[in-house]
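The values are calculated or read from the model by the stated rules, or taken from the named source; none is laboratory data. Since we're looking at a predicted model, the values are computed, not measured. Here the Cβ is made from the backbone with ideal geometry for all residues, glycine too, and neighbour counts use every protein chain on show.
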Amino acid sequence: MSNVQMKFLLKAVCMYLLYFVYSMLTSQISAILQLENTSIVSFVTDFLFTCIIIFAYRKELKEDANTIVEKYSIKKILKKVLIGIGLIMLLRIVMGIITELIAPGLSVDSNTASILDLLKTAPIYAIFKTMIFAVVSEELLFRKSISCFIKNNWVFVFAGALAYPLLNFVFSGGATPVLDFVMYYMTAVVLNYIYVKNDRNIYIVMIVKFILQFLPFIVLLTL
């Protein structure tokens, strides 16, 4: 591993440690402050983490932005985004069929259930968590940070995809943790594939993720 890759590895480790620590401490801080609504603390800590990780990867974000402006036409961006959305939707259909065969009647995964609960108690935070944090912070953490030190595309696509489902498993679990783990892993694999097929430009994946988050979120708002 080169010195540059080692530098990126250390930065990624710092970001993951920060993410892990503040996620674990959020409930404890709320207890110390005697807050009934923990979403207030979660909102603040998620916002601060978003600012920190954007600052940490500001150079990479600027480079990707320059690439978009110089090499990508609007037509090309739309084509790549539509292909990405199509791949994710196809995966969700396949995983939905598999889920129905294994666990009939399971219609809402743990992540969707938590968003539904959050919408009822803290709608503004739910919007931030779904449309900003999940799109910007998570993509920088789970894709950009890992891709900076894993240069082999296939190793990145399959090994790098383990980070998100592992952390999700630790923090949420869910009624069907194995099925959730497989779903999150396969989604991460496809997003990683979209990422490497688009010159490792994080903005393409962010746009895909934003649209995928936006459409069902609008449906949830009507429930």
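Could we say that Asp117 is assigned to a helix (DSSP H, G or I) and either in contact with a strand residue (DSSP E or B) (Cβ under 9 Å, 6 or more places away or on another chain) or surrounded by fewer than 18 Cβ atoms within 10 Å (Cβ to Cβ) (or both) here?
The answer is yes for Asp117.
Give me the pairs, please: first residue somewhere in the range 1-13 and small (Gly, Ala, Ser), second residue anywhere and assigned to a helix (DSSP H, G or I) and surrounded by 11 or more Cβ atoms within 10 Å (Cβ to Cβ), beta-carbon distance under 6 Å, and either six or more positions apart or on two chains.
So the pair list comes out as Ala12/Ser145.
Residue-by-condition table, conditions (1) at pLDDT 85 or above; (2) of a type outside the set (A, V, I, L, M, F, W, C); (3) more than 19 Å from the chain's Cα centre (by Cα); (4) under 30 Å from Asp199 (Cα atoms):
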position: Leu17; (1), (2), (3), (4): yes, no, no, yes
position: Tyr22; (1), (2), (3), (4): yes, yes, no, no
position: Arg58; (1), (2), (3), (4): yes, yes, no, yes
position: Glu63; (1), (2), (3), (4): yes, yes, yes, yes
position: Lys75; (1), (2), (3), (4): yes, yes, yes, yes
position: Gly86; (1), (2), (3), (4): yes, yes, no, yes
position: Val94; (1), (2), (3), (4): yes, no, yes, yes
position: Thr99; (1), (2), (3), (4): no, yes, yes, no
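Which one of the conditions (1) surrounded by fewer than 18 Cβ atoms within 10 Å (Cβ to Cβ); (2) under 16 Å from the mean Cα position of the chain (by Cα); (3) within 24 Å of Ser73 (Cα to Cα); (4) not β-branched (Val, Ile, Thr) does Pro216 fail to meet, given that it meets all the rest?
(3)
Can we say Lys7 is over 23 Å from Phe210 (Cβ atoms) and modelled with pLDDT of 85 or more? Give the derivation first.
Details: over 23 Å from Phe210 (Cβ atoms): yes; modelled with pLDDT of 85 or more: yes.
Yes: the conditions hold for Lys7.
Could you please give the count of residues in the range 122-156 that are more than 19 Å from Ile218 (Cβ to Cβ) and in contact (Cβ under 8 Å) with a residue 24 or more places away in the chain?
Taking the range 122-156 as the starting set, the residues that turn out to be more than 19 Å from Ile218 (Cβ to Cβ) are 136-156.
Filter once more, so that each one left must be in contact (Cβ under 8 Å) with a residue 24 or more places away in the chain: 136-149, 151, 153, 156.
Total meeting the criteria: 17.
Is there a residue being within 28 Å of Lys7 (Cα to Cα), among the aromatic types (Phe, Trp, Tyr), touching a residue at least 24 places away in the same chain (Cβ under 8 Å) and in contact with a Leu (Cβ under 8 Å, 6 or more places away or on another chain) anywhere in the range 183-199?
Checked against the condition, which is being within 28 Å of Lys7 (Cα to Cα), among the aromatic types (Phe, Trp, Tyr), touching a residue at least 24 places away in the same chain (Cβ under 8 Å) and in contact with a Leu (Cβ under 8 Å, 6 or more places away or on another chain), the range 183-199 yields at least one hit.
Residues Thr45, Thr67, Thr50: which one is at pLDDT 90 or above and over 29 Å from Ile218 (Cβ atoms)? Explain how you work it out, then say what you get.
Working: Thr45 fails: over 29 Å from Ile218 (Cβ atoms); Thr50 fails: over 29 Å from Ile218 (Cβ atoms).
Unique residue meeting the criteria: Thr67.
Pull out all pairs, ordered by first then second residue, where Cβ-Cβ is under 8 Å, the residues are six or more apart or on different chains, the first lies in the range 32-46 and is under 22 Å from Ser137 (Cβ atoms), and the second is exposed (fewer than 15 other Cβ atoms within 10 Å of the Cβ) and at pLDDT below 80.
Cβ pairs passing all conditions: Asn37/Thr121; Thr38/Ser27; Ser39/Thr121; Val41/Leu33; Val41/Leu35.
Identify the single condition in (1) modelled with pLDDT of 90 or more; (2) farther than 22 Å from Ile83 by Cβ; (3) buried (at least 20 other Cβ atoms within 10 Å of the Cβ); (4) of a type in the set (S, T, N, Q) that Asn152 does not satisfy, given that it satisfies every other one.
All conditions are met except number (3).
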